[in-house]
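Peer 1: Quick one: this structure, given as structure tokens, is what I'll be asking you about.
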Amino acid sequence: MKTAAAQFTPVPGDIDANVRSMCGLIRAAAGRGARLVVFPELALTGYEPGLIRKDPGLWPAEDDERLEPVREACRAGSAAAVVGGPVRTESGRPGITSLVIGPCGELLTRYDKLHLHGVENDIFAAGTEDGRFTLDGVRFALATCYDNRFPDIAERAEADGCRAYLASSVLDTANDSFDQVYPVRARENGLYVVLANVLGHNEAGECRGGSAVWGPDGRRIADAGTEDPGLALADLPI
């Protein structure tokens, strides 16, 4: 199964502009045969907790009309997409959510980040359940940024029959996760790890992409680079 980690520079607070960028990347990935495209954490708004706190209009619902272009891009390309945003929860706060939109535009699952970090605890609602979905008979696990510092999430994914671990993140240039976390999760659990990271400056700092895919032996098998929007595309033999 061809899988793509997508990176771009989100426009702070501009869901429509970010949806357009995501649709372009879905079309590009599908055109190269990708069946699944993974986007970074909070890609719909950018990683802007302060802005998200102030404006509940930036908290889309699962069926939000603003996401219809993404659903249509998935249908057109027969590809699924992992879309990150501050999606409404019943708690009155948004989650740091991954919505998995299927190849027919349907919602396959939602996952709310389990482990919030720093200021996130004051703004967002933490999730309570692991993220799972199945596509073409393959079981996938979801994790978001700081989640990946907790080895038990990947351990549970392996025990639950997952073959790939999808990590939507916002990692600044000083973050050591590219070497110390993602390849370790792959190697220790025999999983393909797909990391989608953002480009540009946001409230987390300066981010330089580096979206990538690691094989079950911990070797990097695809890399989107650190300069431009684009894709880390890998054909996973699963």
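The values are calculated or read from the model by the stated rules, or taken from the named source; none is laboratory data. Small disclaimer: the values here were computed from a predicted structure and weren't measured. Because the Cβ atoms are built from the backbone with ideal geometry, glycine has one as well, and the counts that use them run over all protein chains shown. Accessible surface is based on the protein model in full, side chains and every heavy atom, while ligands, DNA and RNA are left aside. Shrake-Rupley method; radii C 1.70, N 1.55, O 1.52, S 1.80 Å.
Peer 1: Taking a probe of 1.4 angstrom, what is the accessible area of Cys145 in Å², to the nearest 10?
Peer 2: Probe radius 1.4 Å; accessible area of Cys145 about 20 Å².
Peer 1: Nothing charged except the Cβ atoms of Lys and Arg (+1) and of Asp and Glu (-1): what's the magnitude of the dipole of the chain about its Cα centre? Round to the nearest 20 debye.
Peer 2: Magnitude of the dipole: close to 580 debye.
Peer 1: Treat every Asp and Glu Cβ in segment 1-111 as -1 and every Lys and Arg Cβ as +1, leave all other atoms uncharged, and give the resulting dipole magnitude about the Cα centre to the nearest 20 debye.
Peer 2: Numbers: 13 positive and 13 negative charges, 83 e Å.
So the dipole magnitude of segment 1-111 works out to roughly 400 debye.
Peer 1: On to the next question. Mind running the shape call on segment 32-114? Use the C-alpha gyration tensor, a ≥ b ≥ c as the square roots of the eigenvalues: rounded below 1.5 for a/c, prolate if a/b tops b/c, oblate otherwise.
Peer 2: Numbers: a/c = 2.06, a/b = 1.93, b/c = 1.07.
Taking the square roots of the gyration eigenvalues as a ≥ b ≥ c, segment 32-114 is prolate.
Peer 1: Based on DSSP H assignment, which helices of the chain show an axial Cα extent of at least 20 Å together with a mean Kyte-Doolittle hydropathy greater than or equal to 0.0?
Peer 2: Those that clear 20 Å and a mean of 0.0 are 15-31.
Peer 1: Can you tell me the accessible area per residue over segment 83-194, all protein chains present, probe 1.4 angstrom, in square angstrom?
Peer 2: 39 Å²
Peer 1: Among Gly225, Ile238, Leu199, pick out the residue whose Cα is farthest towards the positive end of the charge dipole of segment 178-238, where Lys and Arg carry +1 and Asp and Glu carry -1 on C-beta, about the Cα centre.
Peer 2: After comparing all options, I get Ile238.
Peer 1: What do you reckon, how do Lys54, Lys113, Lys2 stack up by accessible area (1.4 Å probe), largest on top?
Peer 2: The residues order as Lys54, Lys2, Lys113, largest area first.
Peer 1: Right, something else. Extending each Cα 7 Å along its Cβ direction at Asp228 and Glu62, get the distance between those two points in nm, one decimal.
Peer 2: Rounded to a tenth, the inter-label distance reads 3.8 nm.
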